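For reference, the structure is listed below as C-alpha cells.
The values are calculated or read from the model by the stated rules, or taken from the named source; none is laboratory data. Note that the structure is predicted; figures quoted are calculated from it, not measured. Here the Cβ is made from the backbone with ideal geometry for all residues, glycine too, and neighbour counts use every protein chain on show.
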Amino acid sequence: MQYRKFGSTGLTVSRLCLGTMTFGLQTEEDVSRSIMDRAAEAGVNFIDTADVYPLGGTEAVVGRTEEIVGRWLAGKREHYILATKAVGKMGPAPWDQGASRKHLLDAIDASLKRLNTDYVDLYQLHSDDRETPLDETLEALDTIVRHGKARYIGVSNFLAYRLALALGRSDTLLLARFVSVQPRYNLLFRQIERELLPLAADENLAVIPYNPLAGGLLTGKHRHDAAPSEGRFTATVGKAGEMYTQRYWHEREFQTIEKLKGIAGESGESLAKTSLAWVLANPAVTSAIIGASRPEQLTDTLAAIDLALDPALKAKLDEATVEYRFGDATR
Ligand SMILES: NC(=O)c1ccc[n+]([C@@H]2O[C@H](COP(=O)([O-])OP(=O)(O)OC[C@H]3O[C@@H](n4cnc5c(N)ncnc54)[C@H](OP(=O)(O)O)[C@@H]3O)[C@@H](O)[C@H]2O)c1
C-alpha cells in the first residue's frame, strides 16, 4: 500500500479508501466483513461510509451500513481513519435531512452511536443543501469539531463555486474549514478536471474520488445488449440501479469502453486495474474510494496501487475520454 498526506492536514491515509455502500443490502454482513478484512490485510486504513447507506436502501434500512462497520471496528477503532457523511434523508420529519444546525447535530450523534465510536476522523456533507444558509451549516460543523466528535470536515458532490464560497465564509467567521472533497471521478466522468480540481490544488484540499470504476462498468464485464442479472445496474440495489443505468448504460459509454479495453490490453493489464491506476495517476488525487460486492473483486483493484501508468498509455486514455470532461453534470 502507499500512503499520502491528507491535503493540508497532518493526517496520512492509504491511497485506497474502502467504500462501504454495498454493505447491508447488496452485500450481507459476513461478506462485508470479509471485504473489510481483505482490504485491511492489504494495508487500507481509510474507510468511507454514510448515514444513509446501504445504497438504494429504503428508510427502513438506512443506517445499517454504519452498524456493520461499527461492529467490525470493535476493538480496533484506533487503527483506522473513519469517514462518514450526513445530509441524506434519515427519518420521516422534514428536518430529518439536510444541512441545518438541528439535523447535523442530531445526525452526528446518531452516526457515532451506530459506528460504536466517540469520534469520526472525517465528517462530510454528502451533498450541497441549498435551502440552508451556508453560515448555519458551517457553524454547526464547527460545533461538532469543537466537541471532538469529528476531527476534520469535508464535502461531497459540491460545485466548485459553492465550495469556494464556503471556504471564504469559514475563513471570515474563523470556523473549522473543509479539508477535503469527495467527487465522482472516472474515465467516463471527468468534469471535475475543469474547476473543482484546480480549486482543490489552490486550497490544498484532499481529493478522494468515488466511483472510480463507474460502478463496475470500467471492469469491462458488462455488455450493452445483455442486461445484467445482478449487481449495481439492477434492482439488487433498489432504486439506485436505475440511477446507475441512467448515468452510464449508454451506447456511447460502451463504445468508449471497447476503445479503452484495447488501450489497456496493449500493456497486458485489465481494464479495471488500468482505470483505477488512471484515477490515482492524477496528482490531485489523494486516495481513491473503491467498492466491492465480493472480496475477490478487490484483487484487481488493490493491485492497481502498484501500476505506474506509462505516460504514453496515460495520454492515450486521456485522449480517448476527453469528451467526458464536458456534458450534463446532473447525469
Ligand atoms: N459521495 C457520494 O455521493 C458517493 C457516491 C457513490 C459512492 N461513494 C463512495 O465510494 C465508494 C465506492 O463507489 P463505487 O462502489 O461506485 O466504486 P466503483 O469502484 O466505481 O464500483 C464498485 C463496484 O464495481 C464492481 N466491481 C469492482 N471491482 C470489480 C472487479 N474486480 N470485477 C468485477 N466487478 C467489480 C462491483 O459491483 P457489482 O458487483 O455490483 O457489479 C463493485 O461494487 C462507495 O462504497 C461509497 O463509499 C460515494
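The table that follows gives values for the structure above.
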| quantity | calculated |
| --- | --- |
| Filter pass, GLY241 being part of a loop (DSSP other than H, G, I, E, B) and under 28 Å from LEU159 (Cβ atoms) | no |
| Options LEU218, LEU260, LEU309, LEU298: the member that is assigned to a helix (DSSP H, G or I) and either more than 9 Å from the ligand (Cβ to nearest atom) or basic (Lys, Arg) (or both) | LEU260 |
| Filter result for the condition that a residue is of a type in the set (S, T, N, Q), within 15 Å of the ligand (Cβ to nearest atom) and not in a loop (DSSP other than H, G, I, E, B), over THR286, THR274 | THR274 |
| Unique residue being away from the ligand (no atom under 16 Å from the Cβ) and surrounded by fewer than 22 Cβ atoms within 10 Å (Cβ to Cβ) when the list is LEU165, LEU141 | LEU165 |
| Test result for LEU175, without any contact (Cβ under 8 Å) to a residue 40 or more places away in the chain, in a loop (DSSP other than H, G, I, E, B), buried (at least 17 other Cβ atoms within 10 Å of the Cβ) and touching a helix residue (DSSP H, G or I) at 6+ places or on another chain (Cβ under 7 Å) | yes |
| Single condition LYS102 does not satisfy, out of (1) in contact (Cβ under 8 Å) with a residue 12 or more places away in the chain; (2) not in a loop (DSSP other than H, G, I, E, B) | (1) |
| Failed item, numbered, when ALA42 is tested on (1) within 15 Å of LEU73 (Cα to Cα); (2) in contact with a helix residue (DSSP H, G or I) (Cβ under 9 Å, 6 or more places away or on another chain); (3) hydrophobic (A, V, I, L, M, F, W, C) | (1) |
| Check on ILE305, of a type outside the set (Lys, Arg), more than 21 Å from GLY19 (Cα to Cα) and touching a Lys or Arg at 6+ places or on another chain (Cβ under 7 Å) | no |
| In the range 17-47, the residues that are more than 10 Å from the ligand (Cβ to nearest atom) and either buried (at least 19 other Cβ atoms within 10 Å of the Cβ) or part of a loop (DSSP other than H, G, I, E, B) (or both) | GLY24, LEU25, GLU28, SER32, MET36, ARG38, ALA39, ALA42, GLY43, VAL44, ASN45, PHE46 |
| Hits in the range 252-291 (condition: surrounded by fewer than 22 Cβ atoms within 10 Å (Cβ to Cβ), closer than 11 Å to ILE305 by Cα and hydroxyl-bearing (Ser, Thr, Tyr)) | none |
| Filter pass, ALA227 being within 15 Å of the ligand (Cβ to nearest atom) and small (Gly, Ala, Ser) | yes |
| When residues of the range 234-251 are limited to those that are free of Cβ contacts under 8 Å to residues at least 40 places away in the same chain and out of contact with any Gly (no Cβ under 6 Å at 6 or more places or on another chain), the one farthest from GLY10 (Cα to Cα) | GLU251 |
| Count of the range 270-315 residues which are at pLDDT below 95, out of contact with any helix residue (DSSP H, G or I) (no Cβ under 8 Å at 6 or more places or on another chain) and charged (D, E, K, R) | 2 |
| Considering residues of the range 48-73 that are part of a loop (DSSP other than H, G, I, E, B), within 14 Å of the ligand (Cβ to nearest atom) and aliphatic (A, V, I, L, M) only, the residue nearest to the chain's Cα centre (by Cα) | ALA50 |
| Top-ranked residue of the range 202-233 - restricted to ones that are within 30 Å of SER8 (Cα to Cα) and small (Gly, Ala, Ser), ranked as surrounded by the most Cβ atoms within 10 Å (Cβ to Cβ) | GLY215 |
